[in-house]
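Peer 1: I am attaching a structure below and will ask some questions about it afterwards.
The values are calculated or read from the model by the stated rules, or taken from the named source; none is laboratory data. Note that this is a predicted model, so its numbers are computed, not measured. For neighbour counting, all protein chains shown are included, and Cβ atoms are generated from backbone atoms with ideal geometry for every residue, glycine included.
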Amino acid sequence: MNDEGFQKTEYGFWGGMIVLSVLACLLGMIGFKANSLSLVAAAAQSAAGACLLADAGNRIRSMSVQLAGTSMGGLDKQLSVGSILLIVLIFVIGAELGILSIKSVFNPTEFNSTIMTLANLVFLLLAKEAMFQFLRRLGKQAGTEEFIANARRRRSDIYSSIVVVAGVVLSMLAHAAGSTVYSYVDALTGLIVAFLIGKIAYSLIGKSVSTTAVKILHEEETADFVQTVQKIHGVITVDDLNAREHGHYVVINVTISVNPRLSVWEGHEVSKKIKQQLMKQYHHVTHVFTHVNPYDAGYPYKQQADVEASELPAVLH
């Protein structure tokens, strides 16, 4: 994924966070007005989803900076603290919903949900689904693993939505029949959604720990990269190649030697072909930084000192 892909990904996550925040507010207002814990649970789920997307946006920003080889400095600490705060916030949302659900069993309130309430719930859930579909399409274009992981977590959100709709419908039916069972159905709905929210927060703990982990690839692991670069026309020697792995992505720093008679533009074209070939052949390679030096036959390859500059590759195809 290139810099533009990272930018689109980050914008997509922040846009989704805003949408989920608005939906959480609307669902919360409708839920408290109707005294429906199921609707409050839907609002809590949307709020947790907004925190989830905010955390993903932070990790995307961290990843783009690290893969670009830029020093994170104080930004790394800020992102780590931000991720921890978001995880804590999600845990608090789930815990508060669970406590509210338990209290509702012992202190039931008057149920005020109507068909219009159910219609509003379905409309808002469909709006959330439309947002997820937009993120999924954007994720395919950007090719980022974060969207794939978000698609997996979306299943949990779908399950929560099904539970909430079922809870509202069953509560309305029980209330219409004059039964007090609706309060237990409402409470059970809240507890299930609270559990799913807690599960989301727990899954984020491992993510936040591994976000800044960077693995330096050994020489045997970069041998294929070196061979690929050596086959590119215009490259005389590969003086150095370093690769580091960040999660599912790899960034490469390579130093090559070219014919000293090449112009600056021709050297740039060689560098450009190296980047294109590596990113095309190895899809997990996201960034390639190439340093071009004029070839010196005397060092470190003294045995080739008799090679004339006119015999070296000078024309790009």
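Peer 1: I'd like to check something: does segment 103-118 contain any residue that is at pLDDT below 75, of a type outside the set (S, T, Y) and in contact with a His (Cβ under 6 Å, 6 or more places away or on another chain)?
Peer 2: yes
Peer 1: Can you list residue pairs whose Cβ atoms sit under 8 Å apart, with the first residue in segment 155-183 being outside any helix (DSSP H, G or I) and the second being at pLDDT 75 or above? Count only pairs 6 or more apart in sequence or on different chains.
Peer 2: Every condition considered, the pairs that remain are T180/A174.
Peer 1: Oh, and also: Among the residues of segment 130-168 satisfying the criterion of being of a type in the set (V, I, T) and loosely packed, with under 15 Cβ neighbours inside 10 Å, which is modelled with the lowest pLDDT?
Peer 2: Kept after step one, since they are of a type in the set (V, I, T), are these residues of segment 130-168: 144, 148, 158, 162-165, 168.
Then keep just the ones that are loosely packed, with under 15 Cβ neighbours inside 10 Å; that gives 148, 158, 162.
On the way: I148: 49, I158: 74, I162: 83.
Out of the qualifying residues, it is I148.
Peer 1: Further, regarding this structure: Based on what the data block shows, is T255 modelled with pLDDT of 85 or more, closer than 30 Å to I162 by Cβ and surrounded by 13 or more Cβ atoms within 10 Å (Cβ to Cβ)?
Peer 2: no
Peer 1: For segment 91-116, how many residues meet the condition of being crowded, with 17+ Cβ neighbours inside 10 Å, more than 36 Å from the chain's Cα centre (by Cα) and closer than 30 Å to L52 by Cα?
Peer 2: Qualifying residue count for the region: 2.
Peer 1: Another question, then. Looking at segment 169-202, which of the residues that are more than 11 Å from F91 (Cα to Cα), of a type in the set (S, T, Y) and surrounded by fewer than 21 Cβ atoms within 10 Å (Cβ to Cβ) is modelled with the lowest pLDDT?
Peer 2: Ranking the qualifying residues of segment 169-202, first place goes to T180.
Peer 1: Could you say whether any residue in segment 3-18 is assigned to a helix (DSSP H, G or I) and modelled with pLDDT of 85 or more?
Peer 2: Looking for residues that are assigned to a helix (DSSP H, G or I) and modelled with pLDDT of 85 or more, one finds at least one in segment 3-18, hence yes.
Peer 1: Let me spell it out: the conditions are (1) at pLDDT 85 or above; (2) over 15 Å from H287 (Cβ atoms); (3) not polar (S, T, N, Q), and E219 meets all of them except one. Which number is the exception?
Peer 2: Result: E219 passes all but (1).
Peer 1: If you go through segment 278-299, how many residues are modelled with pLDDT under 85 and farther than 16 Å from L241 by Cα?
Peer 2: Qualifying residue count for the region: 6.
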